[in-house]
Structure formats: C-alpha cells, structure tokens
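Below is one structure, written out as structure tokens, with a few remarks after it.
Every number in this text was worked out from the coordinates using simple rules, so none of it is lab data. Note that the coordinates shown come from a computational prediction; the quantities given were computed from them, not determined experimentally. Because the Cβ atoms are built from the backbone with ideal geometry, glycine has one as well, and the counts that use them run over all protein chains shown.
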Amino acid sequence: MKVVTYSHLRANLAKIMDQAADDHDPVIVTRANGKAAVLLSLEDFGSYEETRYLHASPANAKALEESIAELDRGESITFKSADDLKAFVEKAGGGRQDAAE
C-alpha cells in the first residue's frame with residue numbers, strides 16, 4: 001500500500017489515480033493535521049461495499065465463512081456445464097417451481 005502526502009497527491013493526481021486503478025492498490029493520503037484518507041479504484045470500492053453488505057447479516061456472514069471452509073477442505077463440486085448445474089439443483093429440489101403448481 002502506497003502512502004503519499006496531500007501535496008504529492010495534488011501534484012501527481014492523474015498518475016496516482018491511474019496507479020490505484022491499474023494496480024488495485026489503495027493509496028493512503030496523509031495531511032499535516034493528521035487526518036488521513038484512502039484513495040482506491042471504483043472497482044475496488046464496489047468490491048468493498050459488496051463485501052460489507054454480505055457481512056452485514058450475521059447469518060449470511062456465517063454461511064459465507066462455512067462455504068469458504070468447505071472449499072478449503074476440498075468439499076466442492078465442479079460442473080462441466082450450466083446444464084449439469086441445473087440438473088443437480090433440480091435433483092436436489094432447488095429448482096424453480098411454476099406459479100401454476
């Protein structure tokens with residue numbers, strides 16, 4: 001993570017913005033009064049917001065952590081096609097039901 005002063009950022013704004021966006025590496029901007037800020041790409045900010053949203057619910061956060069642990073233990077299923085995935089979901093009872101049923 002790069003750290004720059006406010007003055008350096010001002011003098012090199014376009015270059016530093018490009019680096020943050022291209023490298024996906026946040027830039028900490030320091031100021032004389034001690035109140036620092038972070039510059040990051042819009043894409044990285046979106047990822048941060050999505051992660052924050054997904055972890056806002058304790059139940060969802062727990063489910064995500066359990067899923068990651070399953071992957072780490074090698075407990076995952078790989079599908080060769082979308083049709084294979086669809087067949088698996090339907091067999092497991094997770095397929096969509098028509099409103100008429």
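For segment 47-69, a tally of residues being surrounded by fewer than 11 Cβ atoms within 10 Å (Cβ to Cβ) and closer than 28 Å to LYS2 by Cα returns 4.
Within segment 1-43, can you find the residues that are among the hydrophobic types (A, V, I, L, M, F, W, C) and assigned to a helix (DSSP H, G or I)?
Once the filter is applied, which keeps residues that are among the hydrophobic types (A, V, I, L, M, F, W, C) and assigned to a helix (DSSP H, G or I), segment 1-43 yields LEU9, ALA11, LEU13, ALA14, ILE16, MET17, ALA20, ALA21, LEU42.
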